[in-house]
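Novice: Questions regarding the structure given below will be posed in turn.
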Amino acid sequence: MTVNESLAQLSNGMVYTSMVVYAGSFLGFAASFANGRGQQDESEAARGSVASTKRNTVDVTNAASVSGAGATATLTKTDPDDEAPLPPGRRAGNIAMSLMWLATGFLLISVIARGFSAGRAPWGNMYEFSLAAALATAIVFLILSIKHDLRWLGVFVVGAILLTLGAAVTILYTESAQLVPALKSVWLVIHVLAAIICGGAFTIGAAVTGLYLVRDRAEIRAAKRGDGSPVDGWLASRVPAAERLDTMAYRINAFVFPLWTFAVIAGAIWAEAAWGRYWGWDPKETWAFITWVIYAGYLHARATAGWRGRKAAVICLVGYLAFLINYFGVNFFASGLHSYAGLN
Amino acid sequence: MSTSTPGAPEAGAAVQDSTEDLSAGLGTVPVNDLPPDSMKLGFVGWSRWMWRQLTSMRTALLLLFLLAVASIPGSVLPQRPVDPARVTQYLSDNPGVGGVFDRLGFFDVFTAPWYVAIYLLLVISLAGCIVPRTRLHWKAMRAQPPRAPSRLKRLPEYESWEVSSDGAGQQTLDDTAALLRKRRWRVRTQEFDGTSGWVSAEKGYLRETGNLLFHISLLGLLLGVAIGGMFGWRGQALVIEGESFSDTITQYDTFSAGNLVDSADLPPFSFTLNDFRSGFQAGGEQEGAARLFEADVTYRSQPGAEPEEKTVEVNDPLVVDGAKAYLVGHGYAPVIQVKNAQGQVIYDAPTVFLPIDGNFTSNGVVKMPDNDPQLALQGIFAPTAALDDQRGPHSTFPAADDPAVFFSAWKGNLGLDDGIPQSVYKLDTSELEQIGIKGLRPGESWTLPDGSGTVSFTGIKQYAVFDVAYDPGKLFALVASILAILGLMLSLFIPRRRVWVKVSAAADGTSSSTVEVAGLSRTDEAGLKPAVADLATDVRAIAPPATTPTPGDPTDPDGKAH
Ligand code: HEM
């Protein structure tokens, strides 16, 4: 049972390769975003002014596969001017998207190689957890982007991925190694995998929620002006309508919440197998609980009169903060049984 | 109520519009009464109002928040049930705030009165919420879908088209109803009476069922935790290789039990630790990190039962008689023999040394109160021994590659007769006189310089630390958790929808009539729009649009203007 060094090196090399490609993707998304004025007009058209009679013209099967302002996507797909040269923002966005697929491929190879090098699931310490969380974020985003036009969101997601990977290779780096016995369990694989996917989805949910808050404020300003002028603000004018952002964030968070519940329960099962108690208010467990309670509050808020919209969005961001504290803060500052970081 | 449907009235608000509250009963978020406007209501009225407040969504939200915030000190400050030593340390480091925190219960947050109060209120609120919602849902599941509202146009999804009058009537309604029934909608129809008629259909009752299941399961989970707390027990025991443990309270180093446990009545199993193996990372960045712990035991479920073999590992406890023994720690027990001045063996045993660092530099004590004078040894054991000026004797690796014990011998009064209990791991040297110090390797002996005896280090054994736990609420809690996830998924992923299809004859008595299709969903749900569009397409096949629809409509086959 030794560590395969060449695979470990392959993994390291692939991380850096993916970071370079992600950087390119980031620039592309940034350019696309900067040129992205008009996104809001499209979505507004889809939201408000598609008269009910016109709706009949939308290909129903296509519309079923797109959400909210989906009519836009359908209309653009069947755009007769497909041959016309793409506007610069759009081309940059497409290039960025392709680069992101490529970079994510490299990152996937890296994570897999890391796992094989130590002969176990590749999330045994914080370095590996960070790589996997970045990968999960990318995969969740790419899967969503198959059905939805998310180029406006790319710059934020890839930015978060680059930050995570940067922190991983600089502060958190740990050599490939086997695990301390407490971490050798199938429940580790399941629990941490679920937590990683949640991390990816929570991140995207929080990004969309943050943009919702910005956009919503701009829309309120625009409504106050009352002269029908479009939404202003550099950021706000480049993202979809607030209502669409809100719905999208809700859907992502509603998807994550059961998974997070499962991750916590899987963790409890693992704790039971390793320490003989399924819940012991260890700092890591406490913050997982806090995160869970806050997201439950978020879902409640969305069903409570007077709490939907901005207030619920703030709760969601607080929940994400709790998730981050659990992930970074607790590993570094609290001592508990989850001595997991592989750091000294 | 319709709290999640844009444009529909909020919970508790009077329905201003003459049309019905369209989504009534679609969800069952409870309605909060307005506060009573006078004291005339008296005690009963006020109690009822208070109860409604306690079981309102707003209160639930507030309590959830409080619970989250109240948990924070429990993760930041050391907690007594987890690590009492660190609490003591904290108190002596921060005497000022420490004392305040202590009085506030911050060192045992999760049993502090204010914490318990929050979650008890939440439990009451939850129960008070579940009961009426279950009743409402039970009724809703057996009720017919609601009547079609008079103005379907107001609904978030709406389509309409004109049909020649002989093309739409009772037949349209019947066909539509049959179609919806086949798709498992619950359907209600209002016969076409010459001017209008409708089909109303509803689907997704499982959403609310799932939501109730989730909330009830939360109560079940708490019940499981409570059962474990009352009937469960756990203790920690340290067992040296070759020695045995039997499950009685005196054999535990620490033991705690729920208040309904009779400690005399523990299951009578026993086991012997035959062999303990450990392995550590050699070389590399994580040098010395633990890689393997295995404890071979022979156990009997009760005295006289057949002995059985088992290798206990960190994630693989010994399960016997409902209790589980977990391997949670290990250490070294050097075998020490002491002879007195007359050459009689006065001590000969493996002696537990407690590790003080990650490389298992360990401290231990031997006390010989029956000798005259009383003798004692203090020892530092190092599995891989090194000695330097700064750190003194210490270990550089956790495995017993090059072991040694560094002894310090004492004689005098051990202070055991004062009646004050002493730790077996600590030596009170205040009335002792040091005889000398010496490092020994296995097999070596040391004749004490003052002639009061001989100390030999004859071998090394390992010991393992076991947590033995019994928690009868565990399975209950697990089942409740699984049901909670199941309920949650139903509640979040199943759409609850209503659709209406209405046929009306034109008011002016012309030869055309109108078909309207409309839908409403419980949440802001993406699927509603395409679902209503789909339904409209199907109904259009049943009652095709007249040949003169809206101008410019591409579905108009003739392209004729109206
Ligand atoms: C132990 C604390 C509680 C937790 C963790 C919790 C959690 C949740 C979660 C996660 C949801 C989302 C499911 C969904 O949106 O369909 C939900 C929904 C709901 N909860 Fe709770 N809940 C708790 C207590 C309560 C209490 C005390 C009430 C009563 C006021 C309540 C009433 C509701 C209602 C009515 C919904 C449905 C909201 C909707 O239809 O969207 N919950 N709860």
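The values are calculated or read from the model by the stated rules, or taken from the named source; none is laboratory data. All values derive from a computational prediction rather than experimental measurement. A quick note on method: Cβ atoms are made from the backbone with ideal geometry, for glycine too, and the neighbour counts reach across all protein chains shown. Ligands, DNA and RNA are stripped out before the accessible areas are found, and what is left, the full protein with its side chains, is counted by its heavy atoms. Shrake-Rupley method; radii C 1.70, N 1.55, O 1.52, S 1.80 Å.
Novice: Considering every residue in B:73-86, what mean count of other chain Cβ atoms within 10 Å of its Cβ is obtained?
Specialist: Mean shielding by partner chains, rounded to a whole number: 4.
Novice: With θ set to phi - 60°, apply the Karplus curve 6.51 cos²θ - 1.76 cosθ + 1.60 along segment B:149-158 and write out the HN-Hα couplings as whole Hz, x wherever there is a Gly or Pro.
Specialist: Taking θ as phi minus 60°, the curve returns x, 5, 10, 5, 4, 5, 6, x, 10, 7 Hz for segment B:149-158.
Novice: Sort out for me the Cα centre separation of segment B:484-508 from segment B:54-121, rounded to whole Å.
Specialist: For segment B:484-508 versus segment B:54-121, the Cα centre distance is 44 Å.
Novice: Next question. For segment B:226-319, what is the charge dipole size about the Cα centre, in debye to the nearest 20, if Lys and Arg each add +1 at the Cβ and Asp and Glu each add -1 at the Cβ?
Specialist: In total the dipole reaches around 240 debye.
Novice: On to the next question. Compute log10 of I(q)/I(0) for segment A:181-290 with the Debye formula, placing one identical point scatterer on every Cα and leaving out solvent, at q = 0.18, 0.23 Å⁻¹, to two decimals.
Specialist: Log-scaled intensity ratios, in q order: -0.85, -1.14.
Novice: From the phi of every residue in segment B:57-67, what ³J(HN,Hα) in whole Hz does the Karplus formula 6.51 cos²θ - 1.76 cosθ + 1.60 yield, where θ is phi - 60° and glycine or proline is x?
Specialist: Each residue's phi maps through the Karplus curve to give 4, 4, 5, 4, 4, 4, 5, 4, 4, 4, 4 Hz.
Novice: With a cut-off of 8 Å between alpha carbons and a minimum separation of six or more residues, what is the relative contact order of segment B:331-463 in percent?
Specialist: Worked out over segment B:331-463, it gives 27 percent.
Novice: I've got another one for you. Pull up all non-local amide H partners of B:L375: gap of 5 or more, or a different chain, and H-to-H distance under 5 Å with H placed in the peptide plane.
Specialist: Distant-sequence amide H within range of B:L375: B:M368.
Novice: Chains B and A: buried accessible surface, both sides, probe 1.4 Å, rounded to 100 Å²?
Specialist: 5400 Å²
Novice: Residues of segment A:301-327 with accessible area at least 50 Å² lower in the all-protein-chain context than alone (1.4 Å probe)?
Specialist: A:A303, A:T304, A:A305, A:R308
Novice: Something else about it: If you fit an axis through the alpha-carbon atoms of helix B:113-142 and take the longest principal axis of the Cα set of chain B, what angle between them do you get, 0 to 90°, nearest 10?
Specialist: Relative to chain B, helix B:113-142 is tipped by roughly 30 degrees.
Novice: Another one. Enter the Cα centre distance for the pair segment B:183-230 and segment B:343-408, rounded to the nearest angstrom.
Specialist: Taking the Cα centre of each part, segment B:183-230 and segment B:343-408 sit 68 Å apart.
Novice: Another question about this same structure. Would you calculate a helix-derived [θ] at 222 nm for chain B, using -39,500 (n - 2.57) for each DSSP H run of n ≥ 4 and dividing by the full residue count, to the nearest 500? Mind showing how you got there, number by number?
Specialist: Working: 9 runs with 158 residues, N = 562.
Here the helix-only value at 222 nm equals -9500 deg cm²/dmol.
Novice: Mind running the shape call on segment A:102-150? Use the C-alpha gyration tensor, a ≥ b ≥ c as the square roots of the eigenvalues: rounded below 1.5 for a/c, prolate if a/b tops b/c, oblate otherwise.
Specialist: Since a/c reaches 1.5 and a/b is larger than b/c, the shape of segment A:102-150 is classed as prolate.
Novice: Express the C-alpha Rg of segment A:198-247 as a ratio against the empirical globular expectation 2.2 N^0.38 Å, rounded to two decimals.
Specialist: So segment A:198-247 has a normalised radius of gyration of 1.25.
Novice: I'd like the Karplus ³J(HN,Hα) series for segment B:288-305: coefficients 6.51, -1.76, 1.60, θ = phi - 60°, whole numbers in Hz, and an x wherever there's a Gly or Pro.
Specialist: Those phi angles translate into x, 5, 5, 10, 8, 9, 9, 10, 8, 10, 10, 10, 10, 6, 7, x, x, 6 Hz.
Novice: Using Cα-Cα distances under 8 Å and only pairs 6 or more residues apart, what relative contact order does chain B have, in percent?
Specialist: Relative contact order comes out at 17 percent.
Novice: Still on this structure, I have one more. Rule-of-thumb check for chain B: C-alpha Rg over 2.2 N^0.38 Å?
Specialist: It is 1.58.
Novice: Still on this structure: Taking each residue of B:287-299 in turn, how many C-beta atoms of other protein chains fall within 10 Å of its C-beta, and what is the average?
Specialist: 2
Novice: For helix B:528-542, what angle does its Cα long axis make with the longest principal axis of chain B, in degrees from 0 to 90 and rounded to 10?
Specialist: 40 degrees
Novice: Helix B:42-54 sits at what angle to the longest principal axis of chain B, using alpha carbons and giving 0 to 90 degrees rounded to 10?
Specialist: 80 degrees
Novice: Here's something else I'd like to know. For segment B:331-463, what is the accessible area per residue in Å² when the probe is 1.4 Å?
Specialist: Roughly 48 Å² per residue, with all protein chains present.
Novice: Further question: Just tell me how shielded B:105-117 is by partners: mean number of partner chain Cβ atoms within 10 Å of each residue's Cβ, no decimals.
Specialist: 1
Novice: Can you classify segment B:408-473 as rounded, prolate or oblate using the Cα gyration tensor, where a ≥ b ≥ c are the square roots of its eigenvalues, rounded means a/c under 1.5, and otherwise it's prolate if a/b beats b/c and oblate if not? Spell out each step's value before the answer.
Specialist: On the way: a/c = 4.27, a/b = 1.46, b/c = 2.92.
Oblate is the answer for segment B:408-473, as a/c is 1.5 or above yet b/c matches or exceeds a/b.
Novice: For segment B:331-463, count the residues as N, evaluate 2.2 N^0.38 Å, and divide the Cα radius of gyration by that value, please.
Specialist: 1.01
Novice: Sticking with this structure for a sec: Could you calculate, for segment B:287-358, the ratio of the Cα radius of gyration to the Kirkwood radius, expressed as Rg to Rh?
Specialist: 1.13
Novice: Ignoring ligands, DNA and RNA, what percent of the accessible area of segment B:331-463 is carbon or sulfur (1.4 Å)?
Specialist: After summing per-atom areas, the C and S share lands at 48 percent.
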